[in-house]
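Quick notes on the structure that follows.
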Amino acid sequence: MTPQIRFFFFSFFCLTLSLGISAQTPSKVEQLSDSQVKAFYEKAKASGMSEMQIEQAALAQGFTLSDISLMRKRLAEVQDKENKEDLTDTDSLKLSRQQIGKLSKRDIEKDTLKVPKKEPLKVYGSELFNTAGLTFEPSLRIATPKNYQLGPDDELLVEIYGDAKGSYRLKVSPEGTVKVLNLAPIYVSGLTIEEARDKIVGRLRQSYAGLNSSGSFASINLGNIRSIKVMVTGEVVKPGVYTVSSLATAFNALYLCGGPNKNGSFRAINVIRNNKVVRTIDIYDFLLRASQADNIILQDQDIIQVPFYLTRVELDGEVKRPAIYELKKGETLQQLVDLAGGFNEHAYQASITMRRNTDKARKVVTVIKNEYATFHPQSGDAIMVGKVLERFDNKVVIEGAISRPGEYALGDNLKTLKDLINQSEGVREDAFLNRALIHREKPNREPEVIAVALGKVLSNELPDIELKNQDSVVISSIKDLREAYFVTIVGEINNPSDFPFAEAMTVSDLITQAGGLTDGAIDSRIEIARRIKENNLPDVAENVTIQIITLKINRDLSLLPADKEFQLQPFDIVYIRKSTRYDKQRSVVILGEVNYPGTYAIQNNSERVTQLLERAGGPKLNGYLPNAVFRRGGERIALDIQKIVENPALESNIILEEGDTLFIPERSELVRIDGAVLNPSVVNYSKGFNYDDYLSQAGGYGERAMKSRVYVTYANGYTERTRKFLFFNIRPKIQPGSVISVPYKPKDERRSDLTGPVILSFTSTLILAAVTLISRL
C-alpha cells in the first residue's frame, strides 16, 4: 500500500472517530460511496495525528483488524478507478469532456422584454429568447466541430495504441502551447483540431518512431473546453460582456442577453470579429424555416451588435399568425402575408386595406390582389385583412315538410321552385300543399314574403316560379298548423302521463302504453273526458261543456266489441277508478303490558283504540291503563285509556290511523315534584297523600313560586291545573306517575337583592326609636 493510501486510510479512521461512527456498525465501511471516501480524504489532510496514533485510536474505539483490511480494499478500489479515468479509450475521453470556467447564466424572471398587455399584437420573434425551455446552450457530447479553433485552457486527449501505449491530457497554456513528455512545447493556439493533430503527431514521432505509419497509432481529440468572452451591444435587453462556452453560438449569446429589445432588429444582427462583420443574422430564417446557417460558433472577443429596426408593419385580421413583422428593404406585401403563414380560410383576398402615417395625419390605402407582389409596405403601416361576407352568390334554401331540406345551388339545373323540389326529392306526405312561403330579399334589402299555392304549381294548374339568390322556401307540415295531439291517462295506472295521439287508438292501447292497470284498478266505470267539438256537439246537452263517456274493458286488455268500436280522439283524458274495498295495508303498534304486543293491521276505516286493545288480548294484570301513552306522528296524544275502556262510546275512543302507537306501562310508584320548590324530588306514591303532603316532601315552596298556577301532568298525557273556589285553591288529584310542576314568578330586574334586608333594617330602626320615645315619656 502506497504512503498516500496509507495516509488516506488512517485519516479516514480519524474522521470516523471525530464524526462518532461506532465500530458497532461495521457495515458503515461498505455503505460509504466513492464520493464520501473522497470527501473524507480531503478533510483528513488537515489531521495532525500520526499513523500509529490513528491506528491505536481506531482499535480503542472497537474497530477490528477486518475493518481495517476492508477499508484498505475500498481505498485501493477508489484509487484504481481514478487511474482508469486517466487511461480510457478515445470515446470515453469524449464523454468526460467538461467545461472550464464559470459561464454566464440568465434569469428569465428578471427579463424586461415583455410586451405590454394593452398592445393587441406582439412583435414576431420577441418570445424566442424569453422561453425558459429554449437556451441554445451547446452540448458537450457532440463531436468537435471541424472549424473549432484551440485556445488557452482547452484540453487535448492523446491516446497512443498499437505496439506502443500511452495516454496524455494536454492543456493549452496561456501562451498557446502544449507540452508532452520531455519534448519541446507545441504551439496550437488558433489552430483547428486537424491542424493541431498534425503538429502533435509530428512532434511525438521523436519518441514514438513510425507513429501512425507502422504499428503504433495516435488519436487526438478535444477534452475539457475553455470559456470565452463575447460582447453583446446595441438594442438588446441586457447589453454587456458574457462568459460563454467556446462551443457557444450566436443564438446562445442572444438568449443570455434577452434578445433584441423593443427597438432592436431581428433581421439584421451583426457578428463582428477583428473589426469585420463575419455574419449578418436573420432570426426569421430560423423561426420560419428552422435554418441555423446564421447560428455560427463564436470566438473569444467576438461582438454581437443589434441595430435599430428599419421597417415594422402591423398585420392583423384573417391571417394565420397576426403580429407585428419586421421587413427587409424591398420586401413586398405578398412576402409580408407569407411571413404570417398566409391567409386563413375566412380571409377576404380581393383587396387589403391599411392605415398609413403621413407627415401630418393618417390615410387609408387599399391594395387590390394583383398589386400584392409589387406593393411595398412602409414602417408604421397597420394592415387589416377582413372576412368574406356572410352572403352567397347562388344559394337557395328549402325547409319544412320536404324529403331533403337544406341549401342548394342555383344554376342551369336549378332555376325554379319545381326544380328545387325535385332536387330535394319531393314533398313529404304530411306537407300542407295549399300554401308555401318564399322569403326573398328586395333590392333594397327589405324582406319580402311570396305566398304560393304549392299544390297547383306541382299539378301545373299555375305557372312555375323562378327563384332568386338567397331565396328561402318554407313548406309547412299539416302538424305544424295545428295543436300537438296527445291523450292523457290518470288514476289507477302504473305510468300515468300524456301520450302522443295516434289514429284508431283505443283505451286498451293507451293502458298498454301506460304500463297496465294497478292491482287495485277496476275494469268497469272507466271514464273518458272529451272536449266538445263540431263532430260530437249533437251528442251532448247544451249546458254541458265536457262530454263524459263511460266504458268497460277486459282486465286482460283483450278487445271487447264496445272497446274495439270506441276510438280515442285528440286531448281525451282517461280516468281509471280504484275498487271501493281495495286499500293498502296500514299498521298500528301496541306495546307494553298487553298479552299480545306487536304490530297490527287496521281492519277497516272505523277501527278504534278499544278494538286494538281487545285484539292484543287486553292488558296484563300488572298493566296500568290510567298511565297508557298514545302517540300519533311521534307526538303524545292525551287519552284516558282507562275511561275509554270503561265507556267505549266516549268521543276520545278515536279512530286508528297509519303509524299510531299505544303503550301500556306497569303501575308507576313514583311522583315527581319540579319547579319553584326548595328541593325538587322524586318520591314514592302514597295512596293517602294529597298535594300538600307531596309538597312537604319537596321542602315547600320556593321564594318565587306561583302557588295559584300549580299544575299536574299525568302519565297518560293529560294535564290538570289548580282551580279557584272563592278564596281557596283546589289542587289536582295526584296519581301514580304524576309530575307536579310549580311555575316560577318572573324575575323583577328592578328589585335589588338587598331590598329585603334594607327594609327590615329600616323597620327595626323605626321600632327602636318608637320604644325609646315612649320610655322617656
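The values are calculated or read from the model by the stated rules, or taken from the named source; none is laboratory data. Quick caveat, the model's predicted, so the values are computed rather than measured. Reconstructed Cβ throughout: ideal geometry from the backbone, glycine too, with neighbour counts over all protein chains shown.
When the residues of the stretch 616-657 are filtered to those that are assigned to a loop (DSSP other than H, G, I, E, B) and polar (S, T, N, Q), which remaining residue is farthest from residue 718 (Cα to Cα)? Show your work before the answer.
So the first thing to find is which residues in the stretch 616-657 are assigned to a loop (DSSP other than H, G, I, E, B), and the list is 616-618, 620-622, 624, 628, 633-634, 638-640, 647-654, 656-657.
Filter again for polar (S, T, N, Q), leaving 622, 647, 652-653.
Values: 622: 21, 647: 18, 652: 12, 653: 15 Å.
Checking each candidate, the answer is 622.
For residue 369, state whether it is without any contact (Cβ under 8 Å) to a residue 40 or more places away in the chain, exposed (fewer than 14 other Cβ atoms within 10 Å of the Cβ) and closer than 30 Å to residue 327 by Cα.
On the way: without any contact (Cβ under 8 Å) to a residue 40 or more places away in the chain: yes; exposed (fewer than 14 other Cβ atoms within 10 Å of the Cβ): yes; closer than 30 Å to residue 327 by Cα: yes.
Yes: the conditions hold for residue 369.
Applying the selection to the stretch 385-404, what residues are surrounded by 15 or more Cβ atoms within 10 Å (Cβ to Cβ) and either modelled with pLDDT of 95 or more or part of a strand (DSSP E or B) (or both)? So that I can check it myself, show each step before the final result.
Narrowing the stretch 385-404 to residues surrounded by 15 or more Cβ atoms within 10 Å (Cβ to Cβ): 385-386, 396-398, 400-402.
The answer is 385, 396, 397, 398, 400, 402.
Which of (1) out of contact with any Pro (no Cβ under 7 Å at 6 or more places or on another chain); (2) surrounded by 17 or more Cβ atoms within 10 Å (Cβ to Cβ); (3) farther than 30 Å from residue 523 by Cβ is the odd one out, the single condition residue 648 does not satisfy?
The number of the failed condition is (2).
How many of the residues making up the stretch 193-224 are crowded, with 16+ Cβ neighbours inside 10 Å, farther than 14 Å from residue 169 by Cα and among the polar types (S, T, N, Q)?
The number of residues fulfilling the criteria is 2.
Could you please give the count of residues in the stretch 392-424 that are without any contact (Cβ under 8 Å) to a residue 60 or more places away in the chain and within 49 Å of the chain's Cα centre (by Cα)? Explain how you work it out, then say what you get.
Kept after step one, since they are without any contact (Cβ under 8 Å) to a residue 60 or more places away in the chain, are these residues of the stretch 392-424: 403-424.
Next, only the ones that are within 49 Å of the chain's Cα centre (by Cα) stay: 403-409, 424.
Matching residues across the stretch 392-424 total 8.
Mind checking whether some residue in the stretch 417-428 is more than 20 Å from residue 479 (Cα to Cα) and part of a strand (DSSP E or B)?
Looking through the stretch 417-428, none of the residues is more than 20 Å from residue 479 (Cα to Cα) and part of a strand (DSSP E or B).
When you scan the stretch 658-672, how many residues do you find that are of a type in the set (D, E, K, R) and not in a loop (DSSP other than H, G, I, E, B)?
Taking the stretch 658-672 first, the residues of a type in the set (D, E, K, R) are 658, 660, 666-667, 669, 672.
Those still in the list that are not in a loop (DSSP other than H, G, I, E, B) too: 666, 672.
Result for the stretch 658-672: 2.
From the list 471, 519, which residue is crowded, with 18+ Cβ neighbours inside 10 Å and of a type in the set (D, E, K, R)? Talk me through it step by step, then tell me what you get.
Working: 519 fails: crowded, with 18+ Cβ neighbours inside 10 Å.
Residue meeting the stated conditions: 471.
Pairs please, first residue from the stretch 348-364 and under 24 Å from residue 320 (Cβ atoms) and part of a loop (DSSP other than H, G, I, E, B), second anywhere and modelled with pLDDT of 90 or more and of a type in the set (A, V, I, L, M, F, W, C), Cβ atoms under 9 Å, 6+ apart in sequence or on different chains.
Close Cβ pairs (under 9 Å, with a partner that is modelled with pLDDT of 90 or more and of a type in the set (A, V, I, L, M, F, W, C)) amount to 348/385; 349/343; 349/385; 350/368.
Do we find that residue 246 is among the polar types (S, T, N, Q), over 28 Å from residue 103 (Cα atoms) and at pLDDT below 90 in this structure? If you could, list the steps in order and put the result at the bottom.
Values: among the polar types (S, T, N, Q): yes; over 28 Å from residue 103 (Cα atoms): no; at pLDDT below 90: yes.
Criteria not met by residue 246.
Name the single residue, out of those in the stretch 440-457 being in a loop (DSSP other than H, G, I, E, B) and touching a strand residue (DSSP E or B) at 6+ places or on another chain (Cβ under 9 Å), that is farthest from residue 427 (Cα to Cα). Show your work before the answer.
If we filter the stretch 440-457 for residues that are in a loop (DSSP other than H, G, I, E, B), which is where we start, we get 442-446, 453.
Restricting the remaining residues to those that are touching a strand residue (DSSP E or B) at 6+ places or on another chain (Cβ under 9 Å) gives 442, 453.
On the way: 442: 27, 453: 14 Å.
Filtering first and then ranking leaves 442.
In the stretch 592-615, what residues are part of a loop (DSSP other than H, G, I, E, B) and surrounded by 14 or more Cβ atoms within 10 Å (Cβ to Cβ)? Break it down into steps so the answer makes sense when it comes.
Filtering the stretch 592-615 down to residues part of a loop (DSSP other than H, G, I, E, B) leaves 593, 595-597, 602-607.
Scanning the stretch 592-615 gives 593, 597, 602, 607.
What strands (runs of 3 or more DSSP E) completely inside the stretch 458-554 contain at least 2 residues that are modelled with pLDDT of 90 or more and either assigned by TED's automatic domain parsing to the domain that holds residue 427 or not polar (S, T, N, Q) (or both)?
Hits in the stretch 458-554: 472-475, 486-491, 497-500, 526-531.
Does any residue in the stretch 514-537 that is on the phi > 0 side of the Ramachandran plot come within less than 6 Å, Cβ to Cβ, of a residue that is part of a loop (DSSP other than H, G, I, E, B) six or more places away or on a different chain, and which pairs are these?
Correct list of pairs: 515/494; 515/495; 516/494; 525/577.
Taking the stated definitions as given, is residue 656 free of Cβ contacts under 8 Å to residues at least 12 places away in the same chain and assigned by TED's automatic domain parsing to the domain that holds residue 594?
Numbers: free of Cβ contacts under 8 Å to residues at least 12 places away in the same chain: no; assigned by TED's automatic domain parsing to the domain that holds residue 594: yes.
No: the conditions fail for residue 656.
Which residues, counting only those in the stretch 299-332, are of a type outside the set (Val, Ile, Thr), over 45 Å from the mean Cα position of the chain (by Cα) and farther than 30 Å from residue 238 by Cβ?
Across the stretch 299-332, the qualifying residue is only 330.
Identify all residues within the stretch 491-512 that are surrounded by fewer than 17 Cβ atoms within 10 Å (Cβ to Cβ) and among the polar types (S, T, N, Q); write none if there are none.
494, 495, 497, 512
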